[in-house]
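The values are calculated or read from the model by the stated rules, or taken from the named source; none is laboratory data. Treat the numbers as computed from the prediction; the structure is a model and nothing was measured. Positions of Cβ are generated from backbone atoms using ideal geometry, with glycine treated the same way; all protein chains shown enter the neighbour counts.
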Amino acid sequence: MTATAESAAPRTSAPSGPAPKALRRDRTKINWWLTALVAACSLTVLIPLYLAVVTALKTPDQLGGTGFELPIGARWENFAEAWTTVKFPRALLNTALVTVGAVLLTLLTNSMVAYAIARNLHRRFFKGLYLYFIAALFVPFPIILLSVVKETAILGLDNQLGLILLYTVYGLSFNIFVYVAYIRSIPLELEEAALTDGASTWTIFWRIIFPLLGPMNATVGILTCLWAWNDFLLPLVILSDPAAQTLPLAQFIFQGQFNTNYPVAFASYLLALAPLLLVYLFAQRWVVSGVMRGSTK
Amino acid sequence: MSTLTRPNVGRKTPRVFYFMVLPALVIFAVFHTVPLLSGIYFSFTNYAGYGEWSFVGLSNYINLFRDDRILNAYGFTFLFAIVSTVAVNVISLAVAIALNGRIKFKTGFRGIFFIPNILSILIVGYVFNYLFSNSVPAIAQALGINALTTSILADADTAWIGVVILSVWQAAAFNIIIYLAGLQTIGGELYEAASLDGASSWRQFRSITFPLIGAFFTINMVLSLKNFLQVFDQIVSLTAGGPGTSTESISLLIYRGGFEGGEYGYQTANAVIYLIVIIAISFVQLRILQRREASF
């Protein structure tokens, strides 16, 4: 996700002279066959979501068949039942708390660490630190899994606060990679001018650099948000109190049951997926371009 | 990249830069490096996760290679990861090229294809579970396709395919966006020139598109394989490792053996091997792909 775009083609923005008229028209013509093909492919994304919606609205005795049939009279009570079965408000609150906490702490700390590293990469200590953080990208999580669980339990961090801390720490490797590349593309002149005006390094960072990091903050924020919101393994092993359960974890309740009530389970799945999906509907353009930016930096 | 940071005109590093990184360094060491080292340490013991323990030398490591369950987990994980990596990259590149073409509703489609990436894979896995176990057999029955009338998840030989489908479905979303970002760095003029020279679409793909997004291809291959080798959520929601242990991945085995099976020391030895394997593969892959890229 961190390909160096500059090693690929530099964007040729120079006007290429007047192209032949026929070619111009050809380039802007919509290819409807391709559009239809893309539309057909996009169905693969939508079909599972459709299945989830119709199943969530059925009564258990309508379940037979392929599952794609429309429900006969939508049964909204499934959602009410799901709401209480998984204690939805509590799970939502936990997830939101962990996600917001992780995003804020990540943005504030990771960008600062990256700034200190980016501006001192020529010094051995900071260069070493940079490599130390990046190297962790190659360490698969299972190897530290068991020890981290012991550690958080001993430190009393087997709760939401512990999760916030761990997302911030484990995101550091990747985020530093992204931030450092971006910070090094910011000219030093601004900082030097501020320095001669007597501004401290702290002031320079918070007043000048941090605001300039806007686009990267968006990218890092989005990726951290998606990760913390949807993560399953870390909450599964870290949280000891059932009252601290996050949304994905709360769905576990339907698995142990002997006779799964599928409509209620699916209603609950939809409830869990809905918050992020709604945010995404409104911020879609912004989210996708944020992720794209992260990949070309 | 190299000329940007001028050594601060010979001055010493302001101490404040150390204050900025030291807390992060300490916390990172506590929650990442210390667990890593203690994991390696315990891999030489017979620690069960509780109670007494003693050193057992290399015996955990030796036993790993004689343990069918471990070998089976490696076999499944690699088969799954390689098939998924190839599938997801082929599909994502194809979709990205189509999305980059002259189509209507570009942003809308782009938004739809990214949806899987914002959904919890665990929860989507439950929906796919229902799809594979109930919907697909019912449809196959109606169409008279005998091979699919039983759930693919119930058969030890085919269950892994279900895991591949779910994983590719989700991972494609992210990879499409990365490829799209790569494709957008290529100027349209190149294609114009090529079509004036009479190059076919395939020829244009081979001689322009693919070489120019080489860096994106490399990074996607390495990251996909690395992520797929750590597969966990998908399996929990689709097959729980079954039928039998046919879809038990390395991560799932480490989690189960280490937490529920009292094999803390033994499974950390497994994790150490796993770490070495992942690092080795990432490096080999980077070397091969980079060399291939350069030869264009």
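Could you list all residues from region B:77-91 that are buried (at least 16 other Cβ atoms within 10 Å of the Cβ) and farther than 19 Å from A:Ile143 by Cβ?
Hits for region B:77-91 are B:Phe80, B:Val83, B:Ser84, B:Thr85, B:Ala87, B:Val88, B:Asn89, B:Ile91.
Answer yes or no: is there a residue in region A:224-244 that is more than 9 Å from chain B (Cβ to nearest Cβ), without any contact (Cβ under 8 Å) to a residue 24 or more places away in the chain and surrounded by fewer than 21 Cβ atoms within 10 Å (Cβ to Cβ).
The answer is yes, given that some residue of region A:224-244 is more than 9 Å from chain B (Cβ to nearest Cβ), without any contact (Cβ under 8 Å) to a residue 24 or more places away in the chain and surrounded by fewer than 21 Cβ atoms within 10 Å (Cβ to Cβ).
Give just the number: which of (1) surrounded by fewer than 18 Cβ atoms within 10 Å (Cβ to Cβ); (2) touching a residue at least 12 places away in the same chain (Cβ under 8 Å); (3) farther than 21 Å from A:Thr55 by Cβ; (4) aliphatic (A, V, I, L, M) does B:Ile145 not satisfy?
Going through the list (1) surrounded by fewer than 18 Cβ atoms within 10 Å (Cβ to Cβ); (2) touching a residue at least 12 places away in the same chain (Cβ under 8 Å); (3) farther than 21 Å from A:Thr55 by Cβ; (4) aliphatic (A, V, I, L, M), B:Ile145 breaks only (2).
Find the residue count for region B:198-220, including only residues that are more than 18 Å from B:Gly188 (Cβ to Cβ) and among the hydroxyl-bearing types (Ser, Thr, Tyr).
1
What is the one condition in (1) within 23 Å of A:Trp227 (Cα to Cα); (2) away from chain B (no Cβ under 12 Å); (3) crowded, with 22+ Cβ neighbours inside 10 Å; (4) among the polar types (S, T, N, Q) that A:Asn78 does not satisfy?
A:Asn78 satisfies every listed condition except (1).
Any idea which residue in region B:192-241 is surrounded by the fewest Cβ atoms within 10 Å (Cβ to Cβ), counting only those that are at the interface with chain A (Cβ under 8 Å from one of its Cβ atoms) and of a type in the set (Val, Ile, Thr)?
Selected residue: B:Thr218.
It is to be established whether one or more residues within region A:165-177 are under 19 Å from the mean Cα position of the chain (by Cα), polar (S, T, N, Q) and within 9 Å of another protein chain (Cβ to nearest Cβ).
Yes, the conditions are met somewhere in region A:165-177.
Test A:Ala96 against the stated conditions and say whether it is at pLDDT 90 or above, more than 12 Å from chain B (Cβ to nearest Cβ), more than 22 Å from B:Val21 (Cα to Cα) and in a helix (DSSP H, G or I).
Yes.
So, in region A:183-211, of the ones that are over 13 Å from A:Arg119 (Cβ atoms) and within 24 Å of the chain's Cα centre (by Cα), which residue ends up surrounded by the fewest Cβ atoms within 10 Å (Cβ to Cβ)?
For region A:183-211, the residue satisfying everything is A:Pro211.
One residue is enough: does region B:213-221 have a residue meeting the conditions closer than 24 Å to B:Ala48 by Cα and among the small types (Gly, Ala, Ser)?
No.
Being small (Gly, Ala, Ser) and either buried (at least 16 other Cβ atoms within 10 Å of the Cβ) or away from every other protein chain (no Cβ under 14 Å) (or both) is the filter here, so list the residues in region B:28-71 that pass it.
B:Ser38, B:Gly39, B:Ser43, B:Gly49, B:Ser54, B:Gly57, B:Ser59
Can you pull out the residues in region A:249-287 that are under 16 Å from A:Gly221 (Cα atoms), surrounded by 19 or more Cβ atoms within 10 Å (Cβ to Cβ) and either at pLDDT 85 or above or over 19 Å from the mean Cα position of the chain (by Cα) (or both)?
Across region A:249-287, the qualifying residues are A:Leu276, A:Tyr280.
Pick from B:Thr185, B:Thr218, B:Thr149: which is of a type in the set (Ser, Thr, Tyr), over 23 Å from the mean Cα position of the chain (by Cα) and closer than 21 Å to B:Ile91 by Cα?
The conditions single out B:Thr185.
How many residues does region B:242-296 contain that are away from chain A (no Cβ under 11 Å), under 18 Å from the mean Cα position of the chain (by Cα) and farther than 19 Å from A:Leu137 by Cβ?
Residues that pass the stated criteria total 2.
State yes or no: is B:Asp157 without any contact (Cβ under 8 Å) to a residue 24 or more places away in the chain and acidic (Asp, Glu)?
No.
Within region A:48-64, which residues are among the β-branched types (Val, Ile, Thr) and more than 8 Å from chain B (Cβ to nearest Cβ)?
A:Val53, A:Val54, A:Thr59
Within region B:72-119, restricting attention to residues that are part of a loop (DSSP other than H, G, I, E, B) and touching a residue at least 24 places away in the same chain (Cβ under 8 Å), which residue is nearest to the other protein chains (Cβ to nearest Cβ)?
It comes out as B:Leu119.
Being more than 30 Å from A:Arg119 (Cα to Cα) and small (Gly, Ala, Ser), is that true of even one residue in region A:214-230?
Scanning region A:214-230, I find no residue that is more than 30 Å from A:Arg119 (Cα to Cα) and small (Gly, Ala, Ser), so the answer is no.
State yes or no: is A:Ala265 in a helix (DSSP H, G or I) and farther than 30 Å from B:Ile250 by Cβ?
no
Determine, yes or no, whether A:Pro187 is without any contact (Cβ under 8 Å) to a residue 40 or more places away in the chain, within 9 Å of chain B (Cβ to nearest Cβ) and farther than 30 Å from A:Ala91 by Cβ.
Yes; evaluated as a whole, the condition is true for this residue.
Got a sec? Which of B:Asn270, B:Asn227 is out of contact with any Lys or Arg (no Cβ under 6 Å at 6 or more places or on another chain), of a type in the set (S, T, N, Q) and closer than 24 Å to B:Ile288 by Cβ?
B:Asn227
In this structure, does A:Gly162 turn out to be more than 9 Å from chain B (Cβ to nearest Cβ) and buried (at least 22 other Cβ atoms within 10 Å of the Cβ)?
Judged against the criteria, A:Gly162 is a match.
Residues are listed down the side, and each one gets a yes or a no for (1) of a type in the set (A, V, I, L, M); (2) more than 10 Å from every other protein chain (Cβ to nearest Cβ):
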{"site": "B:Phe128", "(1), (2)": "no, no"}
{"site": "B:Ala138", "(1), (2)": "yes, no"}
{"site": "B:Ser151", "(1), (2)": "no, yes"}
{"site": "B:Ala156", "(1), (2)": "yes, yes"}
{"site": "B:Ala171", "(1), (2)": "yes, yes"}
{"site": "B:Asn175", "(1), (2)": "no, no"}
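Just the residues that are of a type in the set (Ser, Thr, Tyr) and farther than 20 Å from B:Asn220 by Cβ, please, taken from region B:62-113.
If the condition is that a residue be of a type in the set (Ser, Thr, Tyr) and farther than 20 Å from B:Asn220 by Cβ, then B:Tyr74, B:Thr107 are the ones that fit.
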